[in-house]
Number of protein chains: 2
Amino acid sequence: MKTAIFFFYPLILYIVLYILHAYICRMQLKKLLEKKSAEAKRIYLPHISVDCVVFGFHGGMLKVLLTKLKDQELWGLPGGYMLKTENVHEAASRILKERTGAENIYLQEFGTFTSLNRSEGFFKDYPDSLWNKQRFISIGMFALVDYEDVTPITDDFSAACEWKDISDLPPFMMDHREITDKALLTLRKELNYKPIGYNLLPAEFTMPELQRLYETILNKKLNRGNFYRKMISYDILDQFEETRKGGAHRSPNLYCFNVKKYQQALKDGLKEGW
Amino acid sequence: MKTAIFFFYPLILYIVLYILHAYICRMQLKKLLEKKSAEAKRIYLPHISVDCVVFGFHGGMLKVLLTKLKDQELWGLPGGYMLKTENVHEAASRILKERTGAENIYLQEFGTFTSLNRSEGFFKDYPDSLWNKQRFISIGMFALVDYEDVTPITDDFSAACEWKDISDLPPFMMDHREITDKALLTLRKELNYKPIGYNLLPAEFTMPELQRLYETILNKKLNRGNFYRKMISYDILDQFEETRKGGAHRSPNLYCFNVKKYQQALKDGLKEGW
């Protein structure tokens, strides 16, 4: 009997402490949310939120920046609300600066999320007066960032803020998986008429590296020869004279984007279009 | 002297009556807006509006449906607000049904318009309690309709509701020109990866008619041979065995969309894409 107590005591203590810690975290979050409600009502537009899907490219994989609220097992997108003095770009820039430290991020709107009960139900344990409990129409903005430029920052509400592989996403809160999928679909469609990569790749890259970026976004293998011909026909790349040194195989050619032609193609569309 | 009075009397009477009529119209609109304010606050979400850009194709021209408010010289888009029980598609469908009588319209979101003072300043002569005077974030939805299906309807607030040529647009109120341009730009971009025409053309059409639709959207001439080859390569058309009769020249071939292949291309993108 004594041995059993000796054996179970640390386990029971651990469980009690775990529950206590979870309870305290929950109470802290609740207190914080309620305290912030009054301020939120004063400074933000009601019913409108902004959710950001931040894409980065690293180690040949497309990544997305996700956060986890304290008190939650599910992951979510970095988001926030629109100040009464802001437009949607200013709101998204401010939110991302707070979460990543990065400024002048390339941002693009890709849709609104307006279903009933997408947000109202999430805070059902809280009083109706809670700012977060109202119906929110969310405006989705995606960002393409240089992975190296971003330092994920956890804020007062979140327990974590991390890069996750697009091919291995964790379970999401609310409709954030739908929002992420829509952002990726938009990016995928845009490959047909817009150049991409300037914000995602380093200044110098090889053709296989560029192809890898396209393949991750499209989630399919592309033929190497076709990719090369199509990309050259877009006429947005400059080739360096020197090749990349090192490695067992023939040194691959190095390219960079011709910024002027790239910007022109962003404006007018790619050469093969209508 | 007598002749002068005889001559000017009808003119002066006309001017007085014109001013009186304008004044009465203005008062009526003001009264109506104020009366509807209380109801609007009860049933709609604040700060969120929906503006619809309705495209139709007629006589070889792309048209857009515009309305003119009573008391205004400027034209605007058919729009409205979102009921507390609606999502954005339901709101736009309801608004368009009220304005055109058409149901099951193909609707697509193309952006939000969130600048400060895009709506607040427009009703500056009205009291602050007026529903319409608040800051509105507008969600832009475009619709592609069969011109023949639509009967423009003037409502309580509007003096006119008409089709206008996209190449000859009248002066617009607020930022409605910007919204219209963004819708057209979105349509233009989508030509690169989506089939178009099913909602805009009659069931049977010739290749020059389809080309004309593309040319109006793109606002540029296309090479006939290239257009034909590209369109055939998309593999979304069926050719009829009989040709169109009548006319001095060789009878042109008739085509229709292959609905199954068309729907597939809407889903997966056109064959020439990535």
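No lab work stands behind these numbers, since they all come straight from the coordinates. Values in this document were obtained by computation on a predicted structure and should not be read as measured data. Here the Cβ positions follow ideal geometry from the backbone for every residue, glycine too, while neighbour counts run over all protein chains shown.
Summary table below
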read-out: Cβ charges +1 (Lys, Arg) and -1 (Asp, Glu), total dipole of chain A, debye; value: 420
read-out: Distance between modelled label sites at residue B:235 and residue A:268, nm, 7 Å Cα→Cβ extension; value: 3.2
read-out: Relative exposure of B:229, A:212, A:244, B:99, judged by other C-beta atoms within 10 Å (fewest first); value: B:229, A:244, A:212, B:99
read-out: Sum of -39500 (n - 2.57) over DSSP H runs of 4+, divided by residues of the protein assembly as shown (222 nm, nearest 500); value: -12500 deg cm²/dmol
read-out: Sequence-separation-based contact order of chain A, relative, with Cα cut under 8 Å and 6+ spacing, percent; value: 19
read-out: Highest-MSF residue in chain B out of B:256, B:25, B:52 [GNM, Cα springs under 10 Å]; value: B:25
read-out: Dimensionless Rg ratio for the protein assembly as shown, taking C-alpha atoms and the 2.2 N^0.38 Å reference; value: 1.19
read-out: Cα-centre dipole for region B:1-133 with unit charges at Cβ (Lys and Arg positive, Asp and Glu negative), debye to 20; value: 440
read-out: For residue A:39, net neighbour charge (Lys/Arg +1, Asp/Glu -1) across residues whose Cβ lies under 13 Å away; value: +3
read-out: Fluctuation leader among B:29, B:45, B:17 - chain B, Gaussian network, Cα springs under 10 angstrom; value: B:17
read-out: Fraction of antiparallel bridges per DSSP, the protein assembly as shown only, in percent to nearest 5; value: 75
read-out: Within 10 Å of each Cβ in B:132-139, the average number of Cβ atoms from other chains; value: 2
read-out: All lysines inside 18 Å of residue B:182 as judged from Cα atoms, apart from same-chain residues fewer than 8 positions distant; value: A:189, A:194, A:267, B:63, B:164, B:194, B:220
read-out: Average beta-carbon neighbours from other chains, 10 Å sphere, peptide A:105-116; value: 4
read-out: Rg(Cα) / (2.2 N^0.38 Å) computed for region A:10-190, rounded to two decimals; value: 1.07
read-out: At R0 = 51 Å, FRET efficiency that the Cβ-Cβ distance of residue A:244 and residue B:115 yields, to 0.05; value: 0.65
read-out: Lys, Arg +1 and Asp, Glu -1 on Cβ, resulting dipole of the protein assembly as shown about Cα centre, debye, nearest 20; value: 60
read-out: Given charges at Cβ of Lys, Arg, Asp, Glu: region A:75-215 dipole, positive-most of A:211, A:167, A:89; value: A:89
